[in-house]
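Step one of this worksheet: look at the structure below.
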Amino acid sequence: MRSDNQGNSYGVDEENLDEKAKNLSNDVFGDEGDAEVKYKVLSWWQCGFLMVAETVSIGILSLPAVVAELGLVPSIILMVGLGLMATYTGYTIGQFRWRYPHIQNMADAGEILLGRFGRELFGIGQLLLIVFIMASHILTFTVAMNSITEHGTCSVVFGVVGVIISYVLCIPRTSANVSYLSVASFVSVFSAVMIVVIAVGVEHPWKGSLQATVDTSLYKAFLAVCNIVFSFSGHVAFFGFIAELKDPREYPKSLLLLQGTDICLYVVTAVVIYCYAGEDVTSPALGSASPVVGKVSYGIALPTIIIGGVVNGHVAAKYVYVRIFRHGDHMHKKGLIATGSWLLIGLVLWVIAWVIAEAIPVFNNLLSLIASLFASWFTYGASAAFWLHLNKDRLFSTPLKTTLTIINVSIVGIAACICGLGLYVSGKALHDNPSSASFSCANNA
C-alpha cells in the first residue's frame with residue numbers, strides 16, 4: 001500500500017475511482033464519535049481470531065480421511081495450493097473494500113458487480129450459506145454431547161441446549177465483544193486436535209505401509225476435495241469483519257494470522273494423524289483414538305463447536321440488522337427498537353438453523369450441496385471477479401497486469417469447476433442416501 005501523491009493510504013488511486021465508488025464511498029457505520037454503540041473498534045488481532053474461529057472448527061478432524069482418500073502427496077499439494085489461493089482471494093476482498101468503503105457484506109459487493117440483481121443474489125447466498133453453517137454447528141454439538149454422555153438424553157434436547165447457548169452468546173451487537181470468545185475457540189480446537197494427534201501417535205493403530213497416491217473414483221476424490229475447499233470457506237464473512245476494524249489498512253495482518261494458522265494446522269493435523277492411523281482413519285478422526293480420548297477431545301472441543309457457530313450467527317444477524325437500519329438512527333442506539341430488533345433477528349435465525357439441523361434428512365449432504373453452490377464462489381470466484389472489476393480498464397496494460405488477469409480468470413474457472421463437480425457429487429450423495437429421521441431422539445454420535 002502507498003500514501004503518496006498518486007493515491008491515498010488505502011492504496012487506491014483516487015483519480016481512477018469510478019462514479020459508483022465516489023457515490024457510495026460513505027463508510028457503512030459513519031462517524032461514531034458520539035455513538036452509543038460503536039462498531040469500528042476491532043484491532044487486527046481481534047479480527048484475525050474472529051476469522052480463525054469462523055473458519056477453523058472441529059471439521060479439521062475430517063481432513064485425515066481426505067488424505068486417506070486422495071493419497072499423501074495430492075492431499076498436501078491441494079491443501080497448500082488451495083490455502084495459498086484462498087490467501088490471495090482474501091487479500092483481493094480487502095482491496096475491493098478499500099476501493100468501496102461502504103461495503104459491509106457480500107450483498108453490497110454483489111450490487112457493485114451486477115446491480116440490484118447482484119445484491120439480492122449475493123445477499124441470499126450469504127445468508128443461506130451462513131444459516132446452514134450455524135445448523136451444522138448445532139448438529140455437531142448434539143454429536144459431541146451424545147459422545148460425551150453416551151446418549152444421556154434425547155438428541156433433540158441437546159440441540160435445544162446448543163441453540164440456547166449459541167443465542168445467548170450472540171447477544172453482544174459488536175464483533176469486538178464476540179472476538180474474545182474467538183481466542184477461547186482457537187485454544188479449544190488446538191487443544192482437541194493436539195490430544196487426538198498425541199493419542200493416535202501413541203496408540204499407532206495402523207501397521208501397514210503409507211501410500212503417496214491411491215486409486216480412487218472421481219466421485220470419492222471430489223467429495224474429499226470439497227472437504228478441503230470448505231475448510232477455507234470463511235471469506236463470506238470477511239467484509240463484515242473489515243467494516244468493524246479500527247483501521248481497515250491492517251486487514252492483511254488479520255488475513256495472514258488466519259491463513260498461516262489454518263494452512264499449518266490443516267496440513268500438520270491431517271498428515272500426522274494419517275501417518276499413524278493409515279487408510280482406516282475415521283472421519284472425524286476422533287474415532288481413530290480410544291473411546292476415552294474421544295470423549296475428552298469432544299469435551300475440550302465444545303467451546304470451538306459453539307463459538308464457531310456463534311461467530312457465523314453474529315455475521316448473519318449483522319447482515320440483516322444493517323440491511324434494515326443502515327444509516328438510520330437505530331444503528332448506533334441502545335433503545336428498545338434497536339436492542340429489541342437485534343435480539344429478535346438473532347432469535348429467528350437461530351430457530352431457523354435449529355429447525356434445519358433437526359428436520360432435514362441427510363443434512364450433511366445438503367450442507368455440501370449449499371456449500372458447493374455458494375462457498376466455491378464466495379471463497380474463490382467472486383474474489384477474482386472483484387479484482388477483474390477493479391482493474392477492468394487496465395487488464396493488459398503491463399506484463400504484471402496481464403499475468404494477474406490470467407491468474408484471476410483461471411481462479412474463476414477453478415471456482416466454476418468446484419461448483420459444478422461439487423453439485424454433482426453432493427447431488428449423487430443425496431440420491432444415494434435419500435432418507436433419515438427428522439427430529440429424532442436417536443443417538444447420532
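So which trypsin sites (Lys or Arg not before Pro) in the range 171-224 pass both tests, a DSSP loop state and at most 14 other Cβ atoms within 10 Å of the Cβ?
Listed in order of number, the matching sites are LYS207.
Once you have the Cα-Cα distance between ALA212 and MET194, take 0.36 nm times their residue separation minus that, and quote the gain in nm to one decimal.
Length gained between ALA212 and MET194: 4.1 nm.
Debye calculation, C-alpha points only, no solvent: report log10 I(q)/I(0) for the range 354-401 at q = 0.16, 0.19, 0.29, 0.32 Å⁻¹, in the same order as the q values.
Rounded to two decimals, the profile gives -0.60, -0.70, -0.97, -1.05.
Under a crude label model (7 Å from the Cα following the beta-carbon direction), how far is GLU150 from ARG326 in nanometres?
For the pair GLU150/ARG326, the computed spacing is 5.4 nm.
Per residue of the chain, what 222 nm ellipticity follows from adding -39500 (n - 2.57) for every DSSP H run with n ≥ 4, rounded to the nearest 500?
For the chain, the value works out to -23500 deg cm²/dmol.
May I ask you to give the percent of accessible area on the range 54-107 that is carbon plus sulfur, with a probe radius of 1.4 Å?
76 percent
With a Förster radius of 56 Å, plug the Cβ-Cβ distance of THR402 and ALA359 into 1/(1 + (r/R0)^6) and report the FRET value to the nearest 0.05.
Here the calculated transfer efficiency is 0.65.
Within the range 320-372, what whole-number % of the accessible surface is contributed by carbon and sulfur, with the 1.4 Å probe and all protein chains included in the calculation?
Heavy-atom surface of the range 320-372 belonging to carbon and sulfur, 1.4 Å probe: 71 percent.
Would you mind calculating the gained length between LEU343 and LYS253 on full extension (0.36 nm times residue separation, minus the Cα-Cα distance), in nm to one decimal?
Once the chain is fully extended between LEU343 and LYS253, it gains 29.2 nm.
As I understand it, the dipole of the range 322-410 uses +1 on the Cβ of Lys and Arg and -1 on the Cβ of Asp and Glu, about the Cα centre. Which of LEU369, PHE396, MET331 lies farthest toward its positive end?
Positive-most Cα among the choices belongs to PHE396.
Using a 1.4 Å probe, how large is the accessible area of HIS327, given in Å² and rounded to the nearest 10?
Its heavy atoms expose roughly 130 Å² to the probe.
Exactly which trypsin sites (Lys or Arg not before Pro) in the range 377-445 are in a DSSP loop and have at most 15 other Cβ atoms within 10 Å?
Passing sites in the range 377-445 are LYS392, ARG394.
Measure off 7 Å from each Cα along the Cα-to-Cβ vector at ASP280 and VAL161, then give the distance between these two points in nanometres to one decimal.
Here the answer is 3.3 nm between the modelled labels.
Of all chymotrypsin sites (Phe, Trp or Tyr not before Pro) in the range 332-438, which ones are in loop regions per DSSP and have a Cβ with at most 12 other Cβ atoms within 10 Å?
PHE396
Evaluate the distance, in nm, between pseudo-label points positioned 7 Å from the Cα of ILE124 and of HIS204 along their respective Cα→Cβ axes.
5.6 nm
Taking 30 Å as the cut-off for C-alpha to C-alpha distance, list the pairs among LYS246/LYS334; LYS38/LYS295; LYS38/LYS253; LYS220/LYS392; LYS220/LYS253 that go past it.
Working: LYS246/LYS334 21 Å; LYS38/LYS295 41 Å; LYS38/LYS253 22 Å; LYS220/LYS392 39 Å; LYS220/LYS253 36 Å.
Pairs exceeding 30 Å: LYS38/LYS295; LYS220/LYS392; LYS220/LYS253.
Suppose R0 equals 30 Å; then what is the FRET efficiency for VAL268 and SER410 from their Cβ-Cβ distance, rounded to the nearest 0.05?
0.60
Using the Karplus equation 6.51 cos²θ - 1.76 cosθ + 1.60 (θ = phi - 60°), what ³J(HN,Hα) coupling, rounded to whole Hz, does each residue of the range 382-389 give in order, writing x for Gly and Pro?
These are the phi-based 3J(HN,Hα) values: 5, 4, 5, 5, 4, 5, 4, 5 Hz.
With every protein chain kept in place and ligands, DNA and RNA left out, what is the accessible area per residue of the chain? Probe 1.4 Å, answer in Å².
Solvent-accessible surface per residue comes out at 40 Å².
For LEU423 and PHE439, calculate 0.36 nm times their separation in residues minus their Cα-Cα distance, and state this gained length in nm to one decimal.
Using 0.36 nm per residue and subtracting the Cα-Cα distance, I get 3.1 nm.
Which values, in whole Å and largest first, are the semi-axes of the equivalent ellipsoid of the range 282-398 obtained as the square root of 5 times each eigenvalue of the Cα gyration tensor?
Three semi-axes, in Å: 33, 28, 15.
Can you give me the C-alpha center-to-center distance between the range 142-221 and the range 367-441, rounded to a whole angstrom?
The two parts, judged by their Cα centres, are 26 Å apart.
On the protein heavy atoms, probe 1.4 angstrom, tell me the percent of accessible surface of the range 147-234 carried by carbon and sulfur.
68 percent
Given Cβ point charges of +1 (Lys, Arg) and -1 (Asp, Glu) and nothing else, what value in debye, to the nearest 20, does the dipole of the chain about its Cα centre take?
Dipole magnitude for the chain comes out near 260 debye.
So how tilted is helix 251-277 from the main axis of the chain? Cα-based, degrees 0 to 90, rounded to 10.
10 degrees
How high is the relative contact order of the chain, given as a whole-number percent (alpha carbon pairs under 8 Å, six or more residues apart)? Provide the component values of the computation, followed by the final result.
Details: 704 pairs, mean separation 137.4, N = 445.
The normalised contact order for the chain reaches 31 percent.
What does the net charge come to around GLU250 if you take all other residues with beta carbon closer than 13 Å to its beta carbon, with K and R at +1 and D and E at -1?
Every neighbour counted, the sum reads +3.
Residue by residue through the range 226-233, which ³J(HN,Hα) values in whole Hz follow from phi under the Karplus form 6.51 cos²θ - 1.76 cosθ + 1.60 (θ = phi - 60°), with glycine and proline marked x?
After applying 6.51 cos²θ - 1.76 cosθ + 1.60, I find 4, 4, 5, 4, 5, 6, 10, 9 Hz.
On a 0 to 90 degree scale, rounded to 10, what angle separates helix 72-99 from the longest Cα axis of the chain?
The angle comes out at about 20 degrees.
Expressed in nm², what is the orientationally averaged projection area of the convex hull enclosing the Cα positions of the chain?
Answer in nm², one decimal: 21.5.
For the Cα atoms of the chain, what angle does the longest principal axis make with the long axis of helix 291-325, in degrees from 0 to 90, nearest 10?
That helix lies at roughly 20 degrees to the long axis.
Please report the relative contact order for the range 331-442, taking Cα pairs under 8 Å with a sequence separation of at least 6, and give it as a percent rounded to a whole number.
Details: 79 pairs, mean separation 43.6, N = 112.
39 percent.
The values are calculated or read from the model by the stated rules, or taken from the named source; none is laboratory data. These numbers were taken from a predicted model, which means no experiment stands behind them. In this analysis, Cβ positions are derived from the backbone assuming ideal geometry, glycine residues included, and neighbour counts consider all displayed protein chains. The accessibility values were calculated without ligands, DNA or RNA, using every heavy atom of the protein model including side chains. Shrake-Rupley method; radii C 1.70, N 1.55, O 1.52, S 1.80 Å.
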